[in-house]
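Report on the structure given below.
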Amino acid sequence: MTGTAIISALAIWAAGWFVNARLANGAMAQSRVVKLAVPAIFGLTLLIMWELLVRMLEISPVILPPPTMIAERFANELPTLWADFEQTIIKGAMTGYIIGMLAAFAVAILADRSEFLTRGMLPVGSFMAALPIVGTAPIFVRWLGSDWQSKAAVVAVMVFFPILVNTVAGLRDTTAMQRDLMRPYGAGYWPTLFKLRLPAAMPFIFNGLKIATTLALIGAIVAEFFGSPTVGMGFRISTSVGQLALDMVWAEIVVAALAGSAFYGLMAWIEGRVTFWHPSQRR
């Protein structure tokens, strides 16, 4: 049975590889349909192999549930998954992301006007960004309680320093010659900031914003492991593991993956519209 399962899985992999190779090297390789079809076929191939191996090798759902079981649980638990999504992503991650982003922008402008703050904040920012969330999350849960406010605080701290460091680096990216060209027009600090330095810093800023999208979701979910009301993605994952309901754990992972991909994709889309002039956006 084991040999049959492995051979069947390899045959499915070979079939998916063959179809993708034909599409990627065909005449329509650069079309939008093919560009979407290739990763979709790759993902479908992995799901079929997963289902086949779990079923044929009779792996216990407690260890690894098949995709069909996860999909069934996902469909049956939509109200619960939505409540967890609202608690963790909308209230915790998004609120903390916005607070951390606005605070980082404000501190970056202050640091830009003060060499003392610039030299002091960047090393501190690098140090704080390296702190593990498992060390800071229990502190905020203790201070602010187990509801979404403590998760928003954890997220705000996690996203603050990457955005700050990238924004400060971006504001310093303009050359002395570019700044000198603004002086004949009588441009002071603020006109130069908004008309020259901020536009030039946008690629750096969006780099920090995209990094922060992943950190926001990780921070909100992991923080719920240290204290949460009876709702939330981190709470659901931890309790479902204790109940050996691995299909529910995977359903929450699917929700987190979809939310993270959509959030990152939104930031990348906005970046493409704002920094269309940058070489990285040219096709």
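Okay, here's what the table says:
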quantity: Pairs where the first residue, in the stretch 158-171, is farther than 9 Å from Gly208 by Cα and the second is among the charged types (D, E, K, R), C-beta under 6 Å, 6+ apart; calculated: Leu171/Asp112; Leu171/Arg197
quantity: Residue match in the stretch 29-42 (condition: more than 28 Å from Val249 (Cα to Cα) and among the basic types (Lys, Arg)); calculated: yes
quantity: Within the stretch 226-253, tally of residues that are more than 19 Å from the chain's Cα centre (by Cα), farther than 17 Å from Met69 by Cβ, assigned to a helix (DSSP H, G or I) and hydrophobic (A, V, I, L, M, F, W, C); calculated: 2
quantity: Neighbours by Cβ (under 9 Å, 6+ apart or cross-chain): first from the stretch 257-277, at positive phi and touching a residue at least 60 places away in the same chain (Cβ under 8 Å); second surrounded by 13 or more Cβ atoms within 10 Å (Cβ to Cβ) and part of a loop (DSSP other than H, G, I, E, B); calculated: none
quantity: The stretch 1-21, subset among the polar types (S, T, N, Q) and surrounded by 14 or more Cβ atoms within 10 Å (Cβ to Cβ), residue nearest to Val54 (Cα to Cα); calculated: Ser8
quantity: Residue check, Leu244 in contact with a Ser or Thr (Cβ under 7 Å, 6 or more places away or on another chain) and over 16 Å from Gly96 (Cβ atoms); calculated: no
quantity: Subset tally (residues that are surrounded by fewer than 11 Cβ atoms within 10 Å (Cβ to Cβ) and not in a helix (DSSP H, G or I)) for the stretch 22-38; calculated: 3
quantity: Qualifying residue in the stretch 270-279 (condition: surrounded by 19 or more Cβ atoms within 10 Å (Cβ to Cβ), at pLDDT 90 or above and part of a helix (DSSP H, G or I)); calculated: no
quantity: Matching residues in the stretch 232-262 - criterion: being under 12 Å from Ile221 (Cα atoms) and among the acidic types (Asp, Glu); calculated: Glu252
quantity: Matching helices (runs of 4 or more DSSP H) fully within the stretch 108-178 where at least 3 residues are more than 21 Å from Ala93 (Cβ to Cβ) and not polar (S, T, N, Q); calculated: 115-129, 148-171
quantity: Of all residues making up the stretch 104-122, the number that are touching a Leu at 6+ places or on another chain (Cβ under 8 Å) and modelled with pLDDT of 75 or more; calculated: 7
quantity: The listed residue being more than 26 Å from Leu144 (Cα to Cα), surrounded by 21 or more Cβ atoms within 10 Å (Cβ to Cβ) and touching a Phe, Trp or Tyr at 6+ places or on another chain (Cβ under 6 Å), out of Ala251, Ala216; calculated: Ala251
quantity: Selected residue [of a type in the set (Ser, Thr, Tyr), in contact with a helix residue (DSSP H, G or I) (Cβ under 8 Å, 6 or more places away or on another chain) and farther than 30 Å from Leu193 by Cα] from Ser31, Ser60, Ser8; calculated: Ser8
quantity: Residue in the stretch 77-87 that is surrounded by the fewest Cβ atoms within 10 Å (Cβ to Cβ), counting only those that are in a helix (DSSP H, G or I) and charged (D, E, K, R); calculated: Glu86
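Condition check ((1) under 28 Å from the mean Cα position of the chain (by Cα); (2) in a helix (DSSP H, G or I); (3) among the charged types (D, E, K, R)) across all residues:
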{"site": "Leu10", "(1), (2), (3)": "no, yes, no"}
{"site": "Trp17", "(1), (2), (3)": "no, yes, no"}
{"site": "Phe42", "(1), (2), (3)": "yes, yes, no"}
{"site": "Ile48", "(1), (2), (3)": "yes, yes, no"}
{"site": "Ile59", "(1), (2), (3)": "no, no, no"}
{"site": "Ala75", "(1), (2), (3)": "yes, yes, no"}
{"site": "Ala93", "(1), (2), (3)": "yes, yes, no"}
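The values are calculated or read from the model by the stated rules, or taken from the named source; none is laboratory data. Here the structure is a predicted model, which means the values were calculated and not measured. Using ideal geometry, Cβ is built from the backbone for each residue, glycine included, and neighbour counts are taken over all protein chains shown.
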